[in-house]
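A short worksheet on the structure shown next.
The values are calculated or read from the model by the stated rules, or taken from the named source; none is laboratory data. What you see is a predicted model, and the numbers here were worked out from it, not measured in a lab. Here Cβ is always computed from backbone atoms with ideal geometry, including for glycine, and neighbour counts include all displayed protein chains.
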C-alpha cells in the first residue's frame with residue numbers, strides 16, 4: 001500500500017487524521033508547523049513528536065514533496081519547471097523574477113476541459129485535478145521558493161473547476177498555522193465559472209482575475225466555449241455584488257488577437273461592459289501555438305488599444321512577454337514532454 005502524503009492537508013484534515021490515529025489533537029498543530037513553517041522533508045525530522053508517534057505515522061504516511069523533473073531557463077531569467085504527477089502526466093509552473101518582485105505561476109489541473117481555442121493546455125484535454133498538496137508543491141519544491149513574493153493561479157487548468165482543492169491550497173498558503181502568505185499577494189484566474197467564482201469570492205480574500213478576451217457574446221463564444229454556459233455579462237454582474245473598493249482587486253485578462261478583438265468597437269463594448277467597476281485590464285500579447293489560426297496583434301495596434309481604453313477611464317496595462325524562448329506559455333512544455341513519453345512507450349524515436 002502506498003503511503004499517503006501529509007503535505008497539502010489543512011489543519012482540520014490533520015486534526016481528523018491524528019484523531020483516527022489515536023493521537024492527541026494538538027499533534028495536528030505540531031505537524032502543520034513542521035510541514036508549512038519548518039520545511040521538513042520527512043516525518044523523522046518532526047522531533048517534538050515522540051519516536052513512537054513518528055514511527056506510527058511513518059507506517060502509513062509520508063511528507064510527500066515532489067521535486068521537478070525538468071527545468072528550462074529563459075534568457076530573461078524566467079524558469080519553467082515541469083513536475084510529474086503520475087505515469088505520462090505533467091504539470092508546469094513558471095517562475096518570473098522582476099526587479100521588485102518574483103512571481104510564480106502555478107497549475108491547478110492536469111490538462112483542461114474548457115477547450116479555449118488559443119490555449120495549448122486545452123488541446124491536451126482534461127486529465128485530472130491536482131490535490132492541494134500538488135498545487136502548493138509547485139511553490140515549495142523549487143529552489144527559489146523563498147524569493148517568491150506573488151503567486152498566480154494562471155497555469156494549466158481552470159482553478160474553479162477544481163474549487164475544493166484550490167480553496168484548501170489557499171487556506172494553507174494564507175493561514176497563520178500554514179505558510180502565512182498575504183492573500184493580497186495571490187491572484188486566482190478564471191474564465192468565468194460563476195457558481196465556483198461566487199464561492200471563492202465569499203470564502204477567500206485573494207485577488208480575482210477573469211479571462212475576458214472578447215466583450216461580445218458571439219465572438220467570445222467562438223474562442224471560449226464557456227460562453228455557452230456562463231455569459232461574460234453575467235460574470236461581470238456577479239462581480240459587481242462584491243466589494244473591490246479596498247485592497248482586494250479584480251482584473252480582466254485580454255489576449256490580443258489580430259483583427260479579432262482589437263478594434264475600436266471592442267474598446268467601446270469593453271467600456272460599456274466594465275462601466276463603473278473598479279478594475280484593471282491587462283492586455284497580453286498572443287504568441288501563436290501549434291494548429292491555431294489566431295495571430296497576435298501588432299504592437300502599434302496594441303498600444304492604440306491600451307490608450308483608447310485608458311481614455312475611457314479603464315486602468316489598462318500591457319503585460320510584458322516573458323520566457324518565449326523556453327515555451328513558457330501554459331501547456332507547451334508539458335504537451336511536448338507528454339508526446340515524447342508516449343512515443344518512448346510505443347518504442348518510437
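Structure values in brief
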item	result
Filtered residues of segment 252-304 (kept if within 21 Å of residue 154 (Cβ to Cβ) and assigned to a helix (DSSP H, G or I))	270, 302
Test: residue in segment 50-57 that is touching a residue at least 24 places away in the same chain (Cβ under 8 Å) and touching a strand residue (DSSP E or B) at 6+ places or on another chain (Cβ under 8 Å)	no
Members of segment 174-193 that are more than 16 Å from the chain's Cα centre (by Cα) and in contact (Cβ under 8 Å) with a residue 40 or more places away in the chain	175, 177, 178, 179, 180
Among (1) at pLDDT 95 or above; (2) surrounded by fewer than 21 Cβ atoms within 10 Å (Cβ to Cβ); (3) over 23 Å from the mean Cα position of the chain (by Cα) - the single one residue 217 does not satisfy	(1)
Flag for residue 246 being assigned to a loop (DSSP other than H, G, I, E, B) and farther than 25 Å from residue 165 by Cβ	yes
Filtered residue count, segment 57-98, keeping only those that are under 22 Å from residue 126 (Cβ atoms) and either crowded, with 16+ Cβ neighbours inside 10 Å or touching a helix residue (DSSP H, G or I) at 6+ places or on another chain (Cβ under 7 Å) (or both)	14
Top-ranked residue in segment 3-15 [being touching a strand residue (DSSP E or B) at 6+ places or on another chain (Cβ under 9 Å) and assigned to a loop (DSSP other than H, G, I, E, B); ranked as farthest from residue 57 (Cα to Cα)]	7
Qualifying residue in segment 23-31 (condition: assigned to a helix (DSSP H, G or I) and loosely packed, with under 12 Cβ neighbours inside 10 Å)	yes
In segment 156-185, the residues that are in contact with a strand residue (DSSP E or B) (Cβ under 6 Å, 6 or more places away or on another chain), within 16 Å of residue 207 (Cβ to Cβ) and surrounded by 20 or more Cβ atoms within 10 Å (Cβ to Cβ)	159, 160
Residue selected from segment 241-262 under the condition more than 20 Å from residue 319 (Cβ to Cβ) and either at pLDDT 95 or above or exposed (fewer than 11 other Cβ atoms within 10 Å of the Cβ) (or both), by the criterion nearest to the chain's Cα centre (by Cα)	247
Subset of segment 157-173 [within 12 Å of the chain's Cα centre (by Cα) and either under 16 Å from residue 33 (Cα atoms) or not assigned by TED's automatic domain parsing to the domain that holds residue 230 (or both)]	169
Residue that is within 12 Å of the chain's Cα centre (by Cα) and either buried (at least 18 other Cβ atoms within 10 Å of the Cβ) or outside the structural domain of residue 257 (by TED's automatic domain parsing) (or both), where the choices are 196, 209	209
Single residue of segment 274-293 satisfying the filter (in contact with a strand residue (DSSP E or B) (Cβ under 6 Å, 6 or more places away or on another chain) and under 16 Å from residue 260 (Cα atoms)) that is surrounded by the fewest Cβ atoms within 10 Å (Cβ to Cβ)	285
